[in-house]
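Sharing a structure below in structure tokens format, with a few things to ask.
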Amino acid sequence: MNAETWDGSDVRKRMIALMDKLTPEEGYNLTVLPQVRFLRSNRPLSLTPVFYQPGIVIVCQGSKRGFFGDQVYLYDEQHYLAVSVPVPFTMQTQASEQAPLLAIYLYLDFNVVADLILQIDQQGGVAASKPQGMLSTPMDRAMSESVLRFVEAMGRPLEAEILGPALVREIYFRALTGEQGGAMRAALTLQGQFGKIAKAIRRIHGAFSLPLSVEQLAAEAGMSVPSFHSHFKSVTQTSPLQYLKSIRLHQARLLMVRNDVSAASAALEVGYESASQFGREFKRLFGNSPIEEVKRMKASFVVPPPGWPASASPIPSFARPAMVLP
């Protein structure tokens with residue numbers, strides 16, 4: 001039975017029932033696995049700027065739409081989202097008290113991914129294709145059944161501790177060998193010009209609070225400034241400076257929400273010299289002043305504690321700073 005004729009409704013019903021038990025709190029529900037968290041949202045979310053780290057998002061109930069440049073990415077009960085490089089985009093969700101959004105976030109463990117890619121390449125399992133930083137892929141039978149086994153195990157403490165890591169690896173494998181696995185593998189192995197830009201993104205994430213120029217980044221990538229700008233925009237759908245600004249603003253929001261620091265302190269910590277400029281650019285991105293946005297975030301979401309997901313070794317430093325909320 002192929003993916004086109006497979007119904008999968010029974011599997012989805014079982015997933016939803018299990019996820020309902022695994023998400024007792026609205027917002028983030030952390031797990032025994034540092035790279036995995038579950039999300040429940042009882043309300044729809046209007047268009048919201050977010051910043052996704054490399055990972056896989058599986059929606060068991062409800063739906064999300066990501067707006068990335070001129071592209072729309074649907075991830076719902078029948079599609080999962082795979083992100084290979086940190087990207088800023090705009091998201092909206094469908095959810096209600098009666099049918100809450102239930103989702104699984106798996107941050108990529110790059111050591112596990114690298115080992116899988118090596119084995120897949122050795123076996124000649126997936127043809128290479130053009131690298132892409134974000135992919136919305138249909139939930140085929142193999143992926144659905146892998147996810148079901150995973151959520152079943154996560155509901156049993158002993159199995160979650162012992163079998164959970166292997167089941168996460170299985171989900172990674174499904175994504176890397178699925179319909180768009182070749183594009184994901186090409187992105188994660190930093191092939192071609194995409195790879196040069198991914199390394200520049202890593203550089204930006206490692207030093208976002210320091211002065212960085214496009215000329216400096218282009219030189220480090222071995223490109224002319226126009227070529228670097230063009231390739232960077234093709235990967236991230238934004239310019240290098242706008243990308244840097246987005247990282248700083250998202251990180252400042254996280255600092256204010258999670259650590260209760262003032263807007264002025266957050267601005268200084270992420271690299272702004274002018275508090276007034278920070279305030280203007282923050283409101284332009286989020287649609288609220290820093291005070292208003294912090295109040296909204298605290299009222300709407302359960303915020304992960306300090307150290308999450310930074311404690312999720314071995315997620316690399318470039319994937320840590322700008323965490324999606326949510």
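If Ala166 satisfies all but one of (1) among the hydrophobic types (A, V, I, L, M, F, W, C); (2) touching a residue at least 12 places away in the same chain (Cβ under 8 Å); (3) part of a helix (DSSP H, G or I), what's the number of the condition it fails?
(2)
May I ask you to list pairs of residues, at least six apart or on different chains, whose Cβ atoms are under 7 Å apart, with the first in region 41-60 being assigned by TED's automatic domain parsing to the domain that holds Gln92 and the second being acidic (Asp, Glu) and part of a strand (DSSP E or B)?
The qualifying pairs are Val59/Asp76.
Here's something else I'd like to know. Out of Arg185, Arg141, I need the residue that is in contact (Cβ under 8 Å) with a residue 60 or more places away in the chain, out of contact with any helix residue (DSSP H, G or I) (no Cβ under 7 Å at 6 or more places or on another chain) and closer than 24 Å to Asp76 by Cα. Which one?
Among Arg185, Arg141, only Arg141 is in contact (Cβ under 8 Å) with a residue 60 or more places away in the chain, out of contact with any helix residue (DSSP H, G or I) (no Cβ under 7 Å at 6 or more places or on another chain) and closer than 24 Å to Asp76 by Cα.
Please determine whether any residue of region 254-262 is in a helix (DSSP H, G or I), at pLDDT 95 or above and within 27 Å of Glu220 (Cβ to Cβ).
no
Now, a different point. What tally of residues in region 251-272 results from selecting those that are free of Cβ contacts under 8 Å to residues at least 12 places away in the same chain and either basic (Lys, Arg) or crowded, with 21+ Cβ neighbours inside 10 Å (or both)?
The qualifying residues number 0.
Sticking with this structure for a sec: Within region 224-245, count every residue that is in contact with a Pro (Cβ under 7 Å, 6 or more places away or on another chain), part of a helix (DSSP H, G or I) and surrounded by fewer than 22 Cβ atoms within 10 Å (Cβ to Cβ).
1
Would you say Phe38 is surrounded by fewer than 18 Cβ atoms within 10 Å (Cβ to Cβ) and touching a Leu at 6+ places or on another chain (Cβ under 8 Å)?
For Phe38, the condition - surrounded by fewer than 18 Cβ atoms within 10 Å (Cβ to Cβ) and touching a Leu at 6+ places or on another chain (Cβ under 8 Å) - is not met.
Here are some residues: Ala175, Ala198. Which one is at pLDDT below 95, touching a Ser or Thr at 6+ places or on another chain (Cβ under 9 Å) and assigned to a helix (DSSP H, G or I)?
Ala198
Would you check which residues across region 41-78 are assigned to a loop (DSSP other than H, G, I, E, B) and either within 30 Å of Leu158 (Cα to Cα) or touching a Leu at 6+ places or on another chain (Cβ under 7 Å) (or both) and list them?
Scanning region 41-78 gives Asn42, Gln53, Pro54, Gly62, Glu77, Gln78.
The values are calculated or read from the model by the stated rules, or taken from the named source; none is laboratory data. For clarity, every value in this text was computed on a predicted model and none was experimentally measured. Backbone-built Cβ (ideal geometry, glycine too); neighbour counts: all protein chains shown.
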